[in-house]
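This report concerns only the one structure given below.
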Amino acid sequence: NAGVTQTPKFQVLKTGQSMTLQCAQDMNHNSMYWYRQDPGMGLRLIYYSASEGTTDKGEVPNGYNVSRLNKREFSLRLESAAPSQTSVYFCASSERGGSGDTQYFGPGTRLTVL
Amino acid sequence: AQSVAQPEDQVNVAEGNPLTVKCTYSVSGNPYLFWYVQYPNRGLQFLLKYITGDNLVKGSYGFEAEFNKSQTSFHLKKPSALVSDSALYFCAVRDGVKLIFGTGTRLQVFP
């Protein structure tokens, strides 16, 4: 039982390049999330998927797109990377998405945009 | 809007001493509060949560947290700190589907 896995662990992009961050969970959770972590700011929600087939914007969605490929997988795409997107990206999942649900986090992807 | 505040950027404590990491919250309605820990270059690990019921919540690795409604606080505690507890600790409150995180408190436990 691996929990939440993310690939890649590290990535360096040039401004304007695109890339997709992959996330998968093996806990049979319905809800999945993408957060970014910036120094001194905690984590902020980019997009989430309450259940398979649905996606919604979070606090900071600009410059990103997501795909809920199936129940296990939730990917985050940067179409044209900008230096402001340099951050650590975390994927998380929870069983139902309810208020008392615990979100479980992956190990993160450290992205640098030059 | 829901929010949490962690008033201390860093907490230093000697190994074997009790530790407290502070968190205060501001919510409309019932608070759903969480503590997570982040070790260097790792993801966030869930420690404990308060949903309802007993004000003292016990969690992983010997940590506990006390929910205080009158003081709107949810402080993380451990009776005896270990050097291996040194990490970054985040308090969070549930706001709809998302978690609102505090800015984090770095705990340093000295031998």
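Here, each number is a calculation from the coordinates, and none is a lab measurement. The model shown is predicted, which means the values in this text are computed figures rather than measured ones. All Cβ positions, glycine included, derive from the backbone under ideal geometry; neighbour counts span all protein chains shown.
Shown in residue order for the stretch A:83-89 are the 3J(HN,Hα) couplings computed by the Karplus curve 6.51 cos²θ - 1.76 cosθ + 1.60 at θ = phi - 60°: x, 5, 8, 4, 5, 10, 10 Hz (x for Gly and Pro). Structure note, pairs A:Lys9/A:Lys71; A:Lys9/B:Lys78; A:Lys14/B:Lys49: Cα-Cα distances above 30 angstrom occur for A:Lys9/B:Lys78; A:Lys14/B:Lys49. Summing charges over all other residues whose Cβ lies under 15 Å from the Cβ of B:Val93, with Lys and Arg as +1 and Asp and Glu as -1, gives +3. For the segment A:32-42, counting C-beta atoms of other chains within 10 Å of every residue's C-beta and taking the mean gives 3.
Taking packing as the residue-averaged number of other Cβ atoms within 10 angstrom, the listed peptides B:96-104, A:70-78, B:56-64 run from highest to lowest as B:96-104, A:70-78, B:56-64.
What dipole magnitude, in Debye to the nearest 20, does chain A give about its Cα centre under +1 on Lys/Arg Cβ and -1 on Asp/Glu Cβ? Provide the component values of the computation, followed by the final result.
Values: 11 positive and 9 negative charges, 53 e Å.
Around 260 debye, computed over chain A.
Normalised by residue count, the stretch B:31-111 yields a Cα convex hull volume of 103 Å³ per residue.
Dipole magnitude for the stretch A:1-60: computed about the Cα centre from +1 point charges on Lys and Arg Cβ and -1 point charges on Asp and Glu Cβ, it is near 260 debye.
Across the stretch A:20-25, rounded Karplus estimates of 3J(HN,Hα) from the backbone phi angles (6.51 cos²θ - 1.76 cosθ + 1.60, θ = phi - 60°) give 10, 9, 9, 9, 9, 10 Hz, Gly and Pro being marked x. Only Lys, Arg, Asp and Glu carry charge here, each on its Cβ (+1 for the first two, -1 for the last two); on that basis the stretch A:50-114 has a dipole of about 140 debye about its Cα centre.
Considering only B:Cys91, B:Tyr39, A:Ser80, the residue lying farthest towards the positive end of the dipole of the protein assembly as shown is A:Ser80, judged by Cα position with unit charges set on Cβ. With Cα atoms defining each centre, the stretch B:52-83 and the stretch A:19-63 are spaced 28 Å apart in the structure.
Grab the other residues whose beta carbon is less than 13 angstrom from that of A:Gln85, score K and R as +1, D and E as -1, and report the net. Mind dumping the intermediate values first?
Working: positive: A:Lys14, A:Arg36, A:Arg44, A:Arg77, A:Arg110; negative: A:Asp38, A:Glu79.
Neighbour charge sum, excluding A:Gln85 itself: +3.
Computed on the Cα trace of the protein assembly as shown, the radius of gyration divided by the Kirkwood hydrodynamic radius gives Rg/Rh = 0.97.
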